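Only the coordinates and a few stated rules stand behind these numbers; no lab work does. Just so it is clear, the structure is predicted and the values come from calculations on it, not from any experiment. Backbone-built Cβ (ideal geometry, glycine too); neighbour counts: all protein chains shown.
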Amino acid sequence: MKTNNNNGNKTSVPMLVLEILEQRKSIIIDVPEIHSTSLEGIHDYLVFNPEGPKLSDNFKEEWEEVCIEVDELQEKGELYFDASNGIITLLN
């Protein structure tokens, strides 16, 4: 699992879905600058914003793949998932 270099050891499910879309399907989704000032802002734009791509709805297969990986790594104690804001912190 990769993290966004600008956020140290933190990432989010939508950020990981973006990586899959770009690497496997050559789909690039840009986040408007107004929403990209924080990881939480990016997360909210990609998932909840009516003008955003709503990744959890429109890319369900990729979303579910990432969620399964996050669950597995959390069970192993390799990451912490904060359900209140959707941020994943890698512990190792």
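Would you please name the trypsin sites (Lys or Arg not before Pro) within region 1-91 that are DSSP coil residues with at most 16 other C-beta atoms within 10 Å of their C-beta? Don't skip to the end; give the middle numbers.
Details: sites: 2, 10, 24, 25, 54, 60, 76; in loops: 2, 54, 76.
In loop regions of region 1-91 (DSSP not H, G, I, E or B), the sparsely surrounded trypsin sites (Lys or Arg not before Pro) are 2, 54, 76.
Pairing the Cα long axis of helix 13-25 with the longest principal axis of the chain, what angle in degrees results, from 0 to 90 and rounded to the nearest 10? Approximately 70 degrees, to the nearest ten. Once Rg/Rh (Cα atoms, Kirkwood Rh) is worked out from the coordinates, which option in (1) 1.10; (2) 0.96; (3) 0.94 does it equal? Only one listed value fits the structure, namely (3). Rounded to the nearest 10 degrees, the angle from helix 60-75 to the longest Cα principal axis of the chain is 20 degrees.
Going by a ≥ b ≥ c, the root eigenvalues of the Cα gyration tensor, does region 42-85 fall in the rounded group (a/c under 1.5), the prolate group (a/b larger than b/c) or the oblate group? Write down the numbers at each step before the final one.
On the way: a/c = 4.18, a/b = 1.73, b/c = 2.42.
Oblate is the answer for region 42-85, as a/c is 1.5 or above yet b/c matches or exceeds a/b.
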